[in-house]
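For reference, the structure is listed below as structure tokens.
What follows is calculated from the coordinates using simple rules that are stated; it is not laboratory data. These figures come from a predicted structure and were not determined experimentally. Cβ sites come from the backbone with ideal geometry, for glycine too, and all protein chains shown count toward neighbours.
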Amino acid sequence: MKIIQASNYEEMSKAAYKSLHQFMQMNQHPVLGLATGSTPEGLYRLMIDACKKGEVSFASTETFNLDEYAGLSKDDKNSYRYYMNHKLFDHIDIRPERAHILDGEAADLELECREYDQKIMEVGGIGLQLLGIGLNGHIGFNEPGTSFDAATHISELAETTRKANSRFFNSLDEVPTKAMSMGISKIMESREILLLVSGEGKAEALHTLLTGEITENFPASILKNHPNVTIIADQAAIGGKKFPDQVG
Ligand code: F6R
């Protein structure tokens with residue numbers, strides 16, 4: 001894993017945009033895996049600016065988001081569909097039918113997961129997968145204990161995740177207990193992975209990722225087995241520690 005150390009959140013976002021832009025230039029029909037949460041918001045703002053200035057076009061891009069809460073409608077302010085539309089898709093030239101997100105209101109969630117994997121396969125898999133990391137090492141909503149072999153699936157959210165995400169809801173009670181998540185095996189099939197880590201709250205998770213063993217109890221640890229992962233972390237997340245430029 002290559003590690004890029006950025007001075008702050010803005011610099012982390014700029015470095016992420018640079019990698020994404022390079023990927024876009026090298027692929028005529030780019031397939032992006034996208035994340036929600038606080039971490040990629042700066043990157044999404046840069047993508048919007050660049051698209052508005054004509055520096056990049058997403059017209060032939062296909063995107064697949066990592067996850068969605070079960071039971072939330074696409075119009076619910078806390079659904080990831082709502083987040084993506086408002087923070088990215090509505091402001092760039094992507095074709096709406098190419099911006100895929102699991103449907104939290106699907107009548108059959110299991111089927112929804114299987115069809116999602118099928119769609120990813122039909123477009124030839126994900127080229128560049130963007131990831132954030134949870135306090136407990138989750139990637140997507142693959143919580144500790146999830147099999148590394150899991151395909152896209154229904155996930156029981158860990159209490160740490162529900163508490164961390166309750167900042168977006170009126171109360172902890174409103175945070176769904178279930179979600180759907182792209183599985184770890186699918187994430188690992190991406191040709192390139194970009195993991196963004198920001199803020200002192202993530203320092204412990206980053207340290208565990210870089211120094212700990214590969215275990216299903218810390219899902220992000222599997223990334224050490226992927227041949228093309230870049231971590232872009234800001235100084236707050238690095239927390240004054242010395243990490244080599246390459247791990248694993
Ligand atoms: C979101 C996702 C999650 C987040 C993680 C970090 O789609 O898949 O794994 O990346 O929970 O969230 P933030 O960025 O809010 O700290």
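Give me Thr152, Thr161 ranked fewest to most by other Cβ atoms within 10 Å of their Cβ, as a rough exposure proxy.
Thr161, Thr152
Give me the net charge for the shell around Ser185: Cβ to Cβ below 11 angstrom, other residues only, Lys and Arg +1, Asp and Glu -1.
Here the count lands on -2.
Rounded to two decimals, what is the ratio between the C-alpha radius of gyration of segment 95-134 and 2.2 N^0.38 Å?
1.32
More than 25 angstrom separation, counting every C-alpha pair in segment 129-248; what % is that?
21
Sorting Phe23, Phe58 on the 10 Å Cβ count, fewest up front, what's the list?
Ranked by crowding around the Cβ, least crowded first: Phe23, Phe58.
Grab every C-alpha pair in the chain, bin the distances at 5 angstrom width from 0 up to the longest one, and report whole percents.
1, 6, 14, 19, 21, 19, 13, 6, 1, 0
Can you give the Rg/Rh ratio of segment 15-141, where Rg is from the C-alpha atoms and Rh is the Kirkwood radius? Don't skip to the end; give the middle numbers.
Numbers: Rg = 14.2 Å, Rh = 15.1 Å.
Result for segment 15-141 is an Rg/Rh of 0.94.
With +1 assigned to the C-beta of every Lys and Arg and -1 to the C-beta of every Asp and Glu, and no other charges, what is the dipole magnitude of the chain about the Cα centre in debye, to the nearest 20? Each step should come with its number before you reach the end.
Details: 24 positive and 35 negative charges, 176 e Å.
Result for the chain is approximately 840 debye, rounded to the nearest 20.
Classify segment 78-171: rounded, prolate or oblate, from the alpha-carbon gyration tensor (a ≥ b ≥ c, eigenvalue square roots; a/c under 1.5 rounded; otherwise prolate if a/b is larger than b/c)?
oblate
Compactness ratio of segment 136-183: Cα Rg over 2.2 N^0.38 Å, N = residue count?
Values: Rg = 10.9 Å, N = 48, 2.2 N^0.38 = 9.6 Å.
Output field value: 1.14.
What does DSSP give for the chain in terms of the percent of beta bridges that are antiparallel, rounded to the nearest 5?
Values: 9 of 31 bridges.
Percentage antiparallel, nearest 5: 30.
Sort segment 1-50 into rounded, prolate or oblate with this rule: let a ≥ b ≥ c be the square roots of the eigenvalues of the Cα gyration tensor; rounded if a/c is under 1.5, and if a/c is not under 1.5, prolate when a/b is larger than b/c, oblate otherwise.
Verdict is prolate for segment 1-50.
Using amide H atoms built in the peptide plane, which far-off residues or other-chain residues are under 5 Å from Glu105 H to H?
Those qualifying (amide H under 5 Å, at least 5 residues apart or on another chain) are Gly71.
How big is segment 112-165 by the Kirkwood estimate over distinct Cα pairs, in Å?
The answer is 12.6 Å.
Evaluate the charge dipole of segment 133-222 about its Cα centre and quote only its size in Debye, nearest 20, assuming +1 on the Cβ of each Lys and Arg and -1 on the Cβ of each Asp and Glu.
220
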